[in-house]
Each structure stands twice: as C-alpha cells, then as structure tokens.
Amino acid sequence: MTTKRKIIDYISNQEITETPEEVGAVQPFSEELVNTYRYPKEHIKTRPQFRVKSRPSDSGKSYPIDIAVFRGKSHTDKDVYIIVECKKKDRKDGEEQLRIYLDMSNAEFGVWYNGSDKIYLHKTQKEGRNAYKVIPNIPLYGKNINNVGRTYREDLTPP
C-alpha cells in the first residue's frame, strides 16, 4: 500500500493530499489571486471547500468549489464573488461545469484553469436569466468589471 503524498494548501495552511489538479492548478492559481490580483487570503476559501447547491430548491450543498473568492471576510453564499474551477493539465473540459456553479451561486465572475489555459467569465442578468460573456481577465482586488483590461498607475509595480 502506498501512502499519498501531502502538501500544504497555500490559502488555509492545511495539509492536503497532493494531486495533479492541486499541484498544477489549485495551488498556483491561489497564489496568483494573492500575489497578482492582490486578494487578501482572508477573502479566499480553498479548504474546507465552499459548496454550492445542485438545484436552487436544495437545502444541502453538494458541489465543492476548488477556489471561492468572497467580497469580504464573510464566507457566505451572498458574498461569493469569484468561483474558480480547476482541472488537471491535460483536461480541457469544465467550462460548462463552471457555468452550472455560477448559476447556483451569487458569484459574478468565474475562472476555468488547467495549469496553462484559462477562461474568464462574467455573469450578468439578461431578461431574467443568467448570461455569460468571456472576458480577458478578472478584476484586481478593489476593482470591478469596468477596470478589466485597463492599467492604472497605482497598479504598476516598480522595476
């Protein structure tokens, strides 16, 4: 019997099982959210995983989210802001799964990431239904959809 290797989760500092998805996608994107996008670790949840309902009428939550980013320190359903769905490097599926998770949550943004490829989605309401638009990136911490793709002097880092 082989023992599974363990790693330390970047956000929660909990010991977790090393998997290709964790090493190749979840942990690197968690670090990117903190170091590049500047989201505080307190606004991000990886372990235990945030869950969404499979149907609006469900009382329990069954779908685990790889990375959930919240508007603040409160990790509640109403405060979820970004959902990140991670896959192993060789996987190309998951965008539809991300859309389902976005449908079942209050998140405004979604990210699909497999360690090399990324898809960014912005969810809006159109005629009473969720509509999705592929966007070039997600907002930096403290910014919104109007700031995506724009560079501001205060966002630049000195060389």
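The values are calculated or read from the model by the stated rules, or taken from the named source; none is laboratory data. Since the structure is predicted, the reported quantities are computational estimates derived from the model, not experimental observations. Every residue, glycine as well, gets a Cβ built from its backbone with ideal geometry; the counts of neighbours run over all protein chains shown. Just the protein is used for accessible areas: all its heavy atoms, side chains included, with ligands, DNA and RNA removed. Shrake-Rupley method; radii C 1.70, N 1.55, O 1.52, S 1.80 Å.
Determine the shape class of the stretch 30-119: with a ≥ b ≥ c the square roots of the Cα gyration tensor eigenvalues, call it rounded for a/c under 1.5, and otherwise prolate if a/b is greater than b/c, oblate otherwise.
On the way: a/c = 1.94, a/b = 1.10, b/c = 1.77.
Here the stretch 30-119 falls in the oblate category.
DSSP assigns beta bridges within the chain; of those with both partners inside it, close to 80 percent run antiparallel. The smallest convex shape that holds all Cα atoms of the chain, its convex hull, gives 144 Å³ per residue.
Using a probe of 1.4 Å, the accessible surface attributed to Glu96 totals some 120 Å² when neighbouring protein chains are kept in position.
Modelled this way, with points 7 Å down the Cα-to-C-beta line, the labels at Lys53 and Asn146 are 3.3 nm from one another. Relative contact order of the stretch 6-130, taken over Cα pairs closer than 8 Å and 6 or more residues apart, is 20 percent.
FRET efficiency for the pair Ser74 and Thr3, taken as 1/(1 + (r/R0)^6) with r the Cβ-Cβ distance and R0 = 30 Å, rounds to 0.20. A crude spin-label estimate for the pair Gln14 and Gln97, with each label 7 Å from Cα along the Cβ direction, gives 1.9 nm. For Val52, the residues 5 or more places off, or on other chains, whose built amide H falls under 5 Å of its own are Ser62, Tyr63, Ile65. For the chain, the share of accessible area belonging to carbon and sulfur comes to 48 percent (1.4 Å probe, ligands and nucleic acids excluded).
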